[in-house]
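Okay, handing you the structure first.
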Amino acid sequence: MGSPLSGRGSAGGKLILCGEHAVVYGHPAIALGIDRGTRVTLRQTGEPLSVVDADGQALDDPRLHEAVASLIPDGWEARIASDLLIGRGMGSSAALAVALVRAEADARGLSLTAEGVHERAFVVERKFHGNPSGIDHAVSARGGVVRYRRTLAGPEITPLPIPSWSLVVLDSGNEGNTAQLVAGVGSRRPGIDPLLDRIGVIVNEAEKHLDDVGALGKLMLENHALLIAIGVSTPRLDDLVATAVECGAAGAKLAGAGGGGVVIALTTEPDDVLARLRAKGLHGFVCRPAPPRAQA
Ligand code: PMV
C-alpha cells in the first residue's frame, strides 16, 4: 500500500427552538445550528472497519457501528470526537452522519453539493431513527437558524436571521428514545391533532418574534406545555423548565424528542442564569446559534 489515505469532516449539532414532533406531520419548526459539534477523521488501515473515540478507544455500540459501516467499508478506521451530549436531542446522530459523509468525500477527493451531503446523511441517519423529519441533518449540514417544513415535494428550508440571545442547556441525565417517542405521538393521533396544530401556530408566532426575548420566552413555555399534553415530557424536564424560569430565563422548554434529553432556557444574560442554576446545584452550559456554513 502507498501512503495511507485519510479524510476529515465535521458538522455542528442542533437544538430545536420550537415545533418538534409537529414537524413530523408537516407543521413548521425552528431549529438552530449550534457552536458545538462532531469531527470525524478517517484513516486507511487495511484492517476490518474500526470505530474509535478521540483517544483511540474502540466504540462498540452496534447501532453506531452499523451507521458508520453504511458508508465506510472495511480497511478504514473512523475516529469520532464530539462535544455534543449523545442521545439528548442535540442532533448527535445527525452531526455524526453529516461529518462522516464529509470525511468520506474528503478521503476520496470529492466535493459534494449541499443536496449530496443532505441525501447521503439522511441514509446514515435512518440507521438511528425510523421516521426522521429530516430537520436534524438539514440544520447540522448548513448551520444557522432555519425554519424547516417537511412537504411532499421535499424539505422547505428558510434561513432566518441569527438572533442575539443565548440558550442555557440543562441535561436531564436521561436519554430519550426518539424512534419510540415519535411512534408514541403517532399512535395518539388523530386525538392530539389540535395540539399539533397549535404547536404549528406557535412556531409561526416565534418566527415573527425571534429577537423579542420576552415574547419568544412565553411562546417556548406554551410549546413546552403542549409537549406535556402530547405525552413526551417527564417530571424531571418539567422541573428543569420551572427552575430555569425561577433563575431568570425568559422561557424554557424541552428540546428534541423528549422522554429525557435536554431543556433549553432562553436568555440574554446566560452567565447570570447559569450562576443562579449552579447555586441550586444544577449544571448547564451555554450554546449560541452558529452562523451558516459557507461550503457544503
Ligand atoms: O432527534 P431529536 O431527539 O432531536 O428529535 C428530533 C425531533 C422530532 O421532531 C421529535 C423528530 C423528527 O424527526 O423531527
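Throughout, read-outs are computed from the coordinates displayed, never taken from laboratory work. In this text, all values refer to a predicted model and were calculated from it rather than measured experimentally. Using ideal geometry, Cβ is built from the backbone for each residue, glycine included, and neighbour counts are taken over all protein chains shown.
State, as an integer percentage, the relative contact order of the range 166-287 based on alpha-carbon contacts under 8 Å between residues 6 or more apart.
Normalised by residue count, the contact order of the range 166-287 is 41 percent.
Shifting gears a bit: Let me have the relative contact order for the chain, percent, based on Cα pairs under 8 Å that are six or more residues apart.
Normalised by residue count, the contact order of the chain is 24 percent.
Suppose every K and R has +1 on its Cβ and every D and E has -1 on its Cβ; what is the size of the dipole of the chain about the Cα centre, in Debye to the nearest 20?
Values: 29 positive and 33 negative charges, 65 e Å.
With only Lys, Arg, Asp and Glu charged at Cβ, the dipole is about 320 debye.
Cross-link partners among lysines for Lys280, C-alpha distance below 28 Å, same-chain residues fewer than 8 apart left out?
Filter leaves Lys14, Lys218, Lys253.
Starting from 0 in steps of 5 Å, tell me what percent of the Cα-Cα pairs of the chain lands in each bin.
1, 6, 12, 17, 18, 16, 12, 9, 5, 3, 1, 0, 0
Can you pull out the trypsin sites (Lys or Arg not before Pro) in the range 186-222 whose DSSP state is coil and whose Cβ has at most 16 other Cβ atoms within 10 Å?
Arg188
Divide, for the range 6-160, the radius of gyration over alpha carbons by 2.2 N^0.38 Å, where N is the residue count. It would help to have the intermediate numbers written out before the result.
Values: Rg = 15.1 Å, N = 155, 2.2 N^0.38 = 15.0 Å.
Against the compact-globule rule of thumb, the ratio is 1.01.
Can you pull the one-decimal nm distance between simple spin-label points at Ala215 and Glu156, each 7 Å off the Cα toward Cβ?
So the label points at Ala215 and Glu156 sit 2.1 nm apart.
Computed over the Cα atoms of the range 102-181, what is the ratio Rg over Rh, Rh following Kirkwood?
Details: Rg = 15.1 Å, Rh = 15.0 Å.
That ratio is 1.01, to two decimals.
Remind me, relative contact order of the range 6-160 in percent, using alpha carbon pairs under 8 angstrom and six or more residues apart?
This gives 32 percent for the range 6-160.
Moving on to the next point. Between Ser50, Ser70, Ser133, find the one with the highest GNM mean-square fluctuation for the chain; connect C-alpha pairs within less than 10 Å.
Per the Cα network of the chain with a 10 Å cutoff, Ser70 tops the list.
If I model a spin label as a point 7 Å beyond the Cα along the Cα-Cβ vector, how far apart are those points for Thr113 and Glu246 in nm?
With each label point 7 Å from Cα toward Cβ, the separation is 5.3 nm.
May I ask you to derive the FRET efficiency for Glu66 and Gln295 from their Cβ-Cβ distance with R0 = 35 Å, giving the value to the nearest 0.05?
Using R0 = 35 Å, I get an efficiency of 0.75.
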